[in-house]
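*Asks:* There's a structure below that I have some questions on.
The values are calculated or read from the model by the stated rules, or taken from the named source; none is laboratory data. The structure displayed is predicted, hence computed values, not measured ones. Every residue, glycine among them, receives a Cβ derived from its backbone with ideal geometry; neighbour counts consider all protein chains shown. Calculation scope for accessible area: heavy atoms of the full protein, side chains included, ligands and nucleic acids excluded. Shrake-Rupley method; radii C 1.70, N 1.55, O 1.52, S 1.80 Å.
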Amino acid sequence: MNSVSKDVSSDFPYTKKIYLNNASVALMPTQSIEAMKDFLTSYNSMGPDSKESEPFIAEKLRNVRKTISKI
């Protein structure tokens with residue numbers, strides 16, 4: 001694991017509190033909110049279960065696996 005600490009306070013601009021290591025409900029970083037918004041907007045525009053959605057989801061899955069494999 002990387003021992004370099006990073007100030008993550010800018011990832012939570014709507015509060016002065018930061019909750020980490022929470023297995024339940026916690027504040028979500030802005031970059032996660034934006035990524036979810038981008039995904040949902042794209043997925044919604046092509047329509048669930050459409051011809052375009054299957055390769056879109058497959059590509060997202062490949063990217064996630066590639067990213068996780070680098071950790």
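*Asks:* Out of (1) out of contact with any helix residue (DSSP H, G or I) (no Cβ under 8 Å at 6 or more places or on another chain); (2) of a type outside the set (S, T, N, Q); (3) at pLDDT below 90, the odd one out for Glu59 is which?
*Replies:* Answer for Glu59: the failing condition is (3).
*Asks:* Test Met36 against the stated conditions and say whether it is open to solvent by 80 Å² or more (accessible area, probe 1.4 Å) and at pLDDT 90 or above.
*Replies:* Numbers: open to solvent by 80 Å² or more (accessible area, probe 1.4 Å): yes; at pLDDT 90 or above: yes.
The answer is yes for Met36.
*Asks:* From Ser53, Ser45, Ser10, Ser69, grab the single residue that is touching a helix residue (DSSP H, G or I) at 6+ places or on another chain (Cβ under 9 Å), open to solvent by less than 100 Å² (accessible area, probe 1.4 Å) and modelled with pLDDT of 90 or more.
*Replies:* Working: Ser45 fails: touching a helix residue (DSSP H, G or I) at 6+ places or on another chain (Cβ under 9 Å); Ser10 fails: modelled with pLDDT of 90 or more; Ser69 fails: touching a helix residue (DSSP H, G or I) at 6+ places or on another chain (Cβ under 9 Å).
Criteria check complete, one pass: Ser53.
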